[in-house]
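Taken together, the values in this text are just the output of simple stated rules run on the coordinates, not laboratory data. Because the structure is a prediction, the values reported are computed rather than measured. Counting neighbours? That spans all protein chains shown, and the Cβs are built from the backbone with ideal geometry, glycine included.
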Amino acid sequence: YPEPDREHPFSVYAEASTCPWNREHYLLHIGLKGKSIDKEGLPSSNLVFLIDVSGSMDSPNKLPLLKSAFTMLVNELRAEDRVSIVVYAGAAGMVLEPTRGNNKEKILDAINRLNAGGSTAGGEGLLLAYRLAEENFIEGGNNRILLATDGDFNVGVSSNAEMERLVEKKRDRGIFITVLGFGTGNYKDDKMEIIADKGNGNYSYIDNLQEARKVLVSEFGGTLFTIAKDVKFQIEFNPARVKSYRLIGYENRLLNDEDFNDDTKDAGEMGAGHTVTAIYELVPAQSDEGGPSVDPLKYQANKPSKGSEYNEELLTIKVRYKKPEGSKSILMEKPFAGKVGDIDEASENLRFSASVAGFGMLLRESDYSGTFNADRVIRLAKGARGYDADGYRSEFIRLAEIARDMKLIE
């Protein structure tokens, strides 16, 4: 996506084409791109690594992978950054006092000495990590906890509601939290997502070194540095061109219409260089296809006026966000009046996104997938692979091929 201008910390991109699983419909691709900041231009960091060393972490894809991942992160740190390390198992404790980021040998030695064993006092570890973050708080800096765990909180502050209140309280004091999930089996997705969402942070699942490098090196700024918080976007479709729509995915991110203007409602965060993609399937206004039945409005016009100056516009994208230290939201709007082209002529970004969305629909056996199938997912993705320096698009293609060969999708 294009870099943003100076007025706002992120850009908004929109593109529309015919829908690959229903050629009578449109597919709308919307992208947000946070401004990229060179590592040397990022604010100083006060980081607390909160690491789960309980018995459940004793497997190759958990603590050993975690150590390798954090080694990559430590090598990205600068002299002006500070790191503390808290571990938790049967009890919680500090294994590294605040240390400057250029003292990498000391930090890595503390990480490499970690061993797994015991139950999981996650709540106690969280409280200790917040205390360290507060004691070493940097005004105007990046004050953040990095929680690395398989998510098995079973001692101490363990209910979702208790954790939510704690994380929200500390967030309002300027301490954010990023969650890194490792392993399978005990991994408690709901708890980890609540912590990241309520803590103005982000949430990543790391299952191999390639993903660790992506999250902690390639996307270093997006993972650790917030450029905008409580980011919400709302789309107003033009009824002269769009009859109905559906958002593909993001079911747990939906807001009520009135929440868009409500600055007390928590929403997502954008990190430096971070990108967000949303896909909508649209039914054109001229379609004969029946939609949800709604009675005509008595006191309001529900039909677009002919000859309106907006009839060429497909939609308007509205975005609200707050600055990292702000409490009042800023509104930006962008109308989209672009032509709806054929999917085969669309950008690589749109075509690849469509293949991923279609793959998810097939896995969920969606009623909307129409004539789409595994071979078309793979063909669409291969045609949109483009420049793939880190191999992430190629990895998706391999996963889709494996799913097809295992008959997980037809």
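Overview of values
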{"read-out": "Region 40-224: C-alpha gyration tensor shape, a/c 1.5 cut-off, then a/b vs b/c", "value": "rounded"}
{"read-out": "Most mobile of ASN46, ASN61, ASN142 in a GNM of the chain (Cα contacts under 10 Å)", "value": "ASN61"}
{"read-out": "Space enclosed by the convex hull of the alpha-carbon atoms of region 347-405, per residue, Å³", "value": "71 Å³"}
{"read-out": "Principal-axis tilt of helix 160-171 within the chain, Cα atoms, nearest 10 degrees", "value": "80 degrees"}
{"read-out": "Degrees, to the nearest 10: 374-383 long Cα axis against longest axis of the chain", "value": "80 degrees"}
{"read-out": "Members of LYS67/LYS322; LYS104/LYS170; LYS62/LYS106; LYS67/LYS382; LYS67/LYS198 lying beyond 31 Å, as alpha-carbon distances in this model show", "value": "LYS67/LYS322; LYS67/LYS382"}
{"read-out": "The chain: angle of helix 348-363 to the longest principal axis, Cα-based, in degrees nearest 10", "value": "80 degrees"}
{"read-out": "Computed FRET value (nearest 0.05) for ASN103 with ARG398, which takes r as the C-beta separation and R₀ as 30 Å", "value": "0.15"}
{"read-out": "Three-way shape call for the chain based on the alpha-carbon gyration tensor, with the a/c threshold at 1.5", "value": "prolate"}
